[in-house]
Each structure stands twice: as structure tokens, then as C-alpha cells.
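One structure below.
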Amino acid sequence: MRIVTASAAIVLAVLAGLLVVKTRADADAAPDVRPVPVAAVAPRPMLGVIGDSIAAGTSIGGAGGQGFPRMIAERAGWRWGTTAVVGTGYVTHPAGTLPYDSQVDAMVAAHPTVLVVEGSQNDLHSDARAVGPAARALYARLRAALPQTRIVVVGPVASNSAQAAALAEVDAATAAAARSAGLPYVDAIGEGWFTDAQASLIGVDHIHPTWAGHERIADLLGADLARLGALPPSAA
């Protein structure tokens, strides 16, 4: 799995000595003067996102993971990265792809400060009874591999009111799995991220958010993450 990361240049400078240009005045300089070492600059915190096409982005909005993951991270002055794969979920995966569990290794290698696990509306046509166990297994694996990372679960993101109703079982199963794992759960459906009133923020496919739709997710999820203490309040 290849992780998509923000292209931010971070220069780590460690000065072991100073270049001195000799002049006549240098001859009188005190011999015991030593340069002061400069500490290496720690990398900025990172927001990671595991998820489906909502997190991965599409040509309709957020392509290349530059939708809400990038928007939230940049507001906080953080780096970002997503392993999200279109069409996947905790259980569901189209031919040639694997479910969410396959995203773990790449995300673990990135060592995110905060990790959001989002989704998935793709599990709508799966057996809802299989979603809970798959989600619990995923969370257990993530917690074991990333003990210092703050993990936040975001439920399936519905695109309209009818889909929100249809996703009720998947939403409940994901919420229960998060609670059993001791992880905070952001209820995107309960918060009304996208109802019929926000139809203009969903693309012509009636599924994926536009760029403005990603801005809405960034606003709402950013506020949730700040409320949970996962992001600085000023980043909301």
C-alpha cells in the first residue's frame, strides 16, 4: 500500500562548527570560544487517515487525498497522509483491492500523531454482522502497532438522507466496535454532515463530496478533533 503524503520540505540543520574567515582581528580572538550547537528541529505532527473514497478524494473533490485530510492538517500546521482506497471498507472491497486492514502497514510506517479511521458507506451492501468484528480487529491491530498515536474513529459518511437511513446498521456496528476498543467515535450521520439540505455539496454521482463538501467535512471533523483534544483548538 502506498501512502500519499503532503509535499512539505522540512530541513533539519545540525551545526557541528562554525566557518571562520581569518582576518587580522581573529588573531586576538579568545582561543576558548566555542560555537553553540543548534538543536535539530523536530518534524511537525502528522494527521493520518485510513478510509474509503471520501478520504481518498475523487475528481469531484479532494483528489489525491488533498480534500479534508489536507485541509484539517494545514489549519493545524501539521503534515498529513492517507492510505485510503476507493471502494473499500471494513469488509467490502472491489476486485483488485483489499479491505481496510491492508492499509495498516503503510500507516504504521508513517507514525502519525493522530489517526482518523473513516467509513465506510461501502459496507452498506455487506453483512452488517461482519462489520463489527472486522472493525474491532482493525482497531486492536492499530492500537498495538501505534501505542503513542491518538486514534479517532469516524463513522460512515452518508451522502444524503436516504443513504443515512440505510447505513444505520453499519453505523451502529462501527460505533459499538469503537466503544469496545475504548476509542472516541465521531458520528457523521448523527451530526448531519450531509443530508438533503447539503445536496449542492455532493457531486453529480450523488455520492462523493465536491471540494466545498470537503471543506464542510474539514470544518465539522476539525471541530470534533479539537473537542476531543486531538488537535489544537485554534485548528478547528
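Observations on the structure shown:
- Straightening the chain between Ala199 and Ala212 buys 3.6 nm, computed as 0.36 nm per residue apart minus the Cα-Cα spacing.
- Computed about its Cα centre, the charge dipole of segment 72-222 is approximately 540 debye, with only Lys, Arg, Asp and Glu carrying charge at their Cβ.
- For segment 92-227, diffusion coefficient by Stokes-Einstein and Kirkwood Rh (Cα), 4 °C, 1.567 mPa s, µm²/s: 84
- As a proxy for reagent exposure, ranking Trp211, Trp80 by other Cβ atoms within 10 Å from fewest up yields Trp211, Trp80.
- Were the residues from Ala176 through Arg141 laid out at 0.36 nm apart, the gain over their Cα-Cα distance would be 10.9 nm.
- Shape descriptor for segment 147-236: Rg over Rh equals 0.99 (Cα atoms; Rh from the Kirkwood inverse mean 1/r).
Just so you know, all these numbers are worked out from the coordinates, no wet-lab data involved. Computed from a predicted model, the values in this text were never measured in an experiment. Note that we place each Cβ from the backbone using ideal geometry, even for glycine, and neighbour counts take in every protein chain shown.
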